[in-house]
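See below for the structure under consideration.
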Amino acid sequence: GSTNGLEGNYVDTVNDRANFKALLVEFRTQLNAYGAQTGRDYLLSAFLPANPADITAGGWNDPAIFNSLDYGNVQGYDLHGAWEPTLTGHQGNLYDDPADPRAADRRFSVNKAVTAYTSAGVPARKLGLGLAM
């Protein structure tokens, strides 16, 4: 790997957010044009991260991208896992666990994830929640 993404798959931290937003606008434009030809509506959705740091870093909490997306599914699971060899916790906890020894900004919960979107202005009606099965 590299410090800027996977080897050969570099992350452009300066332009990625704007490029992604432009890509969504283009997808929406093309889906609308295709829908006009077929007489059907086509949905555009995205799988959304739950980590507030990733939400902000990726620009997922920009309400403007939801002008292109019909909805987004917030990851409401895998909030704990094998990557935490000295910590266990709920797979999809609704709220922070007060017994979690990590710093507050490293504690994940469904509530914290959804709030990161809605407090930035993303309409709640545009959010779904992925659940662990």
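Step by step: first the residues of segment 111-133, then only those that are of a type in the set (A, V, I, L, M) and not in a helix (DSSP H, G or I), then the one that is surrounded by the most Cβ atoms within 10 Å (Cβ to Cβ). Which residue is that? Among residues in segment 111-133 that are of a type in the set (A, V, I, L, M) and not in a helix (DSSP H, G or I), the one surrounded by the most Cβ atoms within 10 Å (Cβ to Cβ) is 122. Looking across segment 92-110, the residues that are closer than 23 Å to residue 124 by Cβ and assigned to a loop (DSSP other than H, G, I, E, B) come down to 92, 93, 94, 95, 96, 107, 108, 109.
The single condition among (1) exposed (fewer than 14 other Cβ atoms within 10 Å of the Cβ); (2) over 12 Å from the mean Cα position of the chain (by Cα); (3) in contact (Cβ under 8 Å) with a residue 60 or more places away in the chain that residue 47 does not satisfy is (2). What is the one condition in (1) under 26 Å from residue 21 (Cα atoms); (2) aromatic (Phe, Trp, Tyr); (3) assigned to a loop (DSSP other than H, G, I, E, B) that residue 47 does not satisfy? All conditions are met except number (3). Being farther than 17 Å from residue 46 by Cβ and not small (Gly, Ala, Ser): is that true of residue 118 here? Judged against the criteria, residue 118 is not a match. Among the residues making up segment 67-84, those that are touching a helix residue (DSSP H, G or I) at 6+ places or on another chain (Cβ under 9 Å), of a type in the set (S, T, N, Q) and either at pLDDT below 95 or surrounded by fewer than 17 Cβ atoms within 10 Å (Cβ to Cβ) (or both) are 67, 75.
May I ask you to list the residues in segment 97-110 that are of a type outside the set (A, V, I, L, M) and surrounded by 17 or more Cβ atoms within 10 Å (Cβ to Cβ)? Passing the criteria: 100, 107, 108, 109.
The residues listed here are 29, 88; of these, the one that is closer than 26 Å to residue 133 by Cα, without any contact (Cβ under 8 Å) to a residue 40 or more places away in the chain and either assigned to a loop (DSSP other than H, G, I, E, B) or β-branched (Val, Ile, Thr) (or both) is 88.
The values are calculated or read from the model by the stated rules, or taken from the named source; none is laboratory data. Because the structure is a prediction, the values reported are computed rather than measured. In this analysis, Cβ positions are derived from the backbone assuming ideal geometry, glycine residues included, and neighbour counts consider all displayed protein chains.
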